[in-house]
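**Student:** Here it is: the structure, laid out below.
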Amino acid sequence: MKDNTATKHSEANTQSVNPNVGWHFDHSYERLPDYFYARLTPVPVQAPQVVVLNHALAASLGLNLRVLSEQETAALFSGNVLPDPAHPIAQAYAGHQFGHFTMLGDGRAILLGEHLTPTGKRFDIQFKGSGQTPFSRRGDGRAALAPMLREYIVSEAMHALNIPTTRSLAVVKTGEWVMREKPLPGAILTRVAASHIRVGTFQYAAGQGNDTAIKILADYVIQRHYSDLKDAENPYLSLLNHVIERQASLVAQWMLVGFIHGVMNTDNMSISGETIDYGPCAFIDSYDPTTVFSSIDQHGRYRYSNQPLMAQWNLARFAETLLPLLDSSQDKAVALAEEAIHAFPQHYQNQWISGMRRKLGLLNEEAGDAELIATLLNWMTQQKTDYTNLFRALSADGPAEEIAPHNAEFLTWHAKWKSRLLRQPGSMDNVHHIMQQSNPAIIPRNHRVEEALSAASDHGDLSPMKRLLAAVADPFADLPEFNDLRTPPAPSERIYQTFCGT
Ligand code: AMP
Ligand code: MG
């Protein structure tokens with residue numbers, strides 16, 4: 001389905017990058033059979049210009065970007081000049097998109113390789129928006145500036161909220177226009193990930209028509225992400241169980257901060273357990289479980305409250321790909337896979353309720369906790385209360401009357417919660433400390449994200465974006481200078497739809 005000979009688009013990206021940056025590349029994915037990827041180089045861009053650089057992330061990777069001039073940095077993060085030795089590839093994968101199976105692959109992304117940090121950690125370094133690949137189908141292989149900045153802002157916010165996620169190292173403008181509904185400034189994002197292996201990569205391997213491909217991929221993933229499982233009695237069943245547990249934990253963490261991914265297709269679910277592929281994602285303001293932001297999610301498949309179910313659905317697709325490895329008897333393999341998948345809701349519920357307990361400062365367990373939580377969430381749904389600010393207000397321990405004035409229902413709930421807190425051992429100071437570490441003051445509110453993207457993309461003004469980035473980098477602090485970013489949108493500011501912008 002693809003021509004796997006290296007294609008050089010231009011001589012431009014054959015020069016080498018300043019060796020003092022500290023790149024240390026390995027290419028373990030490239031050692032897989034060649035049907036897992038296509039070799040190619042990024043298509044050079046006309047006039048690259050740095051928009052944002054993540055120096056903190058660079059430092060944690062053992063990279064020093066300060067040795068590069070502005071121009072060299074732009075050349076590096078546009079793919080015009082490749083670090084040595086980059087072996088750029090586009091990865092093959094498949095996926096269920098809104099329930100429909102399709103062959104996909106990196107249509108606009110290129111993996112440069114895996115950078116090894118000084119402490120021996122391995123991270124994929126990937127360009128997104130770097131030109132056409134054999135998997136581009138009808139796409140132009142490019143990305144617009146606003147969606148790349150959205151990914152940068154939201155992924156860095158998720159990281160600061162302690163939620164597993166891919167990271168963003170740089171965004172450069174290409175100096176070229178991309179044609180969408182209207183011409184938009186083009187950009188390239190440099191993404192850093194534990195890996196880019198997706199449920200869809202397994203679906204692609206399973207589709208190769210022999211059991212070798214799936215075994216090679218599963219062994220690779222165990223080696224790379226789950227090395228403790230190598231000696232398990234049934235390593236592939238253990239792999240399935242661990243991937244299920246990581247996803248249950250991840251989606252519980254999304255739900256606890258009010259995050260909606262928006263496109264939970266199987267190709268957008270990472271086997272490493274990181275949040276990946278930020279498209280029309282957004283955080284809820286007022287609490288409403290039926291919230292959908294994505295313009296393409298017409299039936300609400302990926303609405304807030306449906307995310308755990310959709311994760312389980314995706315994991316069932318993952319389990320299906322592993323069947324030949326689980327047992328030589330097909331019936332036994334199906335029974336093992338079903339048992340593993342049926343355990344998802346319990347894993348999810350355990351993670352979610354323990355997170356909710358931390359949000360409410362409940363440090364031990366009581367039988368009535370689930371009801372206490374449900375009563376609060378029901379009240380919030382009816383009142384359309386701001387989700388983030390309500391929990392943050394509870395953490396500050398103000399009088400109930402100030403949190404929700406003249407509201408008898410809330411007063412009753414608050415009194416019950418207070419007496420529940422008094423029944424547990426330990427100091428109230430500790431309770432409030434834990435609550436303040438569990439309930440962010442700052443999330444990247446959608447109207448603020450859109451405002452920052454529009455300033456950058458339509459007016460070339462980067463200051464709202466830089467300010468928002470500074471605020472979301474420290475989400476559990478009460479910094480008065482960012483108070484305006486904590487205010488929920490006024491009705492006229494509310495954003496009802498977000499767009500992938502692909
Ligand atoms: P996403 O919705 O971003 O997860 O992308 C789904 C699929 O569409 C992936 O295979 C992408 O590589 C591909 N894709 C998205 N945008 C483009 C584009 N502008 N050009 C080529 N392929 C694209
Ligand atoms: Mg994707």
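Nothing in this text is a laboratory measurement; each read-out follows from the coordinates by a stated rule. On a predicted model such as this, the values are computed, not experimentally measured, just so you know. Neighbour counts are summed over all protein chains in view; Cβ atoms, including those assigned to glycine, are modelled from backbone coordinates with ideal geometry.
**Student:** Compute the acute angle (0 to 90°) between the alpha-carbon long axis of helix 446-459 and the principal axis of greatest extent of the alpha-carbon atoms of the chain; round to the nearest 10°.
**Tutor:** 40
**Student:** For the chain, find the longest principal axis of its Cα atoms and tell me its angle to the long axis of helix 408-422, 0 to 90°, nearest 10.
**Tutor:** 80
**Student:** Sorted by average packing, counted as other Cβ atoms within 10 angstrom per residue and highest first, what order do 74-86, 17-29 take?
**Tutor:** Listed from highest to lowest mean packing, they are 74-86, 17-29.
**Student:** Whole number please: convex hull volume per residue of the Cα set in the chain, in Å³?
**Tutor:** 160
**Student:** Mind jotting down a quarter of the surface of the convex hull over the alpha carbons of region 10-199, in square nanometres, one decimal?
**Tutor:** If you wrap the Cα atoms of region 10-199 in a convex hull and average its projections, you get 11.1 nm².
**Student:** How much FRET efficiency would the formula 1/(1 + (r/R0)^6) give for ALA473 and THR412, where r is the Cβ-Cβ distance and R0 is 56 Å, rounded to 0.05?
**Tutor:** 0.90
**Student:** To the nearest 10 degrees, how steep is helix 211-225 against the longest Cα principal axis of the chain, on a 0 to 90 scale?
**Tutor:** Compared with the principal axis, the helix lies near 60 degrees.
**Student:** Moving on to the next point. What area, in nm² and to one decimal, does the C-alpha convex hull of region 229-352 cast on average over all directions?
**Tutor:** For region 229-352, the mean projected area of the Cα convex hull comes to 8.0 nm².
**Student:** Let me ask you something else. On the first, second and third principal axes, largest extent first, how far apart are the outermost C-alpha atoms of region 103-166 in Å?
**Tutor:** On the principal axes, region 103-166 reaches 39, 27, 21 Å in Cα extent.
**Student:** Right, something else. Which order do THR375, THR290, THR73 fall in if you start with the one that has the fewest other Cβ atoms within 10 Å?
**Tutor:** Placing the least packed residue first, the sequence is THR290, THR375, THR73.
**Student:** What is the set of long-range amide H partners of LEU479 at a cut-off below 5 Å, with H atoms built 1.01 Å from backbone N?
**Tutor:** Hits under the 5 Å cutoff: none.
**Student:** Within the chain, which is the longest segment that contains none of the GluC sites (Glu not before Pro) sitting in a DSSP loop with at most 14 other Cβ atoms within 10 Å?
**Tutor:** By the stated rule (loop sites, at most 14 other Cβ atoms within 10 Å), 12-180.
**Student:** Now, a different point. Starting from the Cα of ARG31, step 7 Å along the direction of its Cβ; do the same at SER454; then give the gap between the two resulting points in nm.
**Tutor:** The modelled label-to-label distance comes out at 5.1 nm.
**Student:** While we're on this one: Hey, got a sec? Which trypsin sites (Lys or Arg not before Pro) in region 332-395 land in a DSSP loop and have at most 12 other Cβ atoms within 10 Å?
**Tutor:** Sites meeting the loop and neighbour criteria: LYS384.
**Student:** Could you work out [θ]222 nm for the chain from helices alone, using -39500 (n - 2.57) per DSSP H run of at least four and dividing by all its residues? Round to the nearest 500 deg cm²/dmol.
**Tutor:** -13000 deg cm²/dmol, from helical runs alone.
**Student:** To continue, here is another question. Just to compare against my own numbers: the Cα pair-distance distribution for region 362-436, 10 Å bins, whole % per bin, please.
**Tutor:** Result, from short to long distances: 17, 55, 27, 1 percent.
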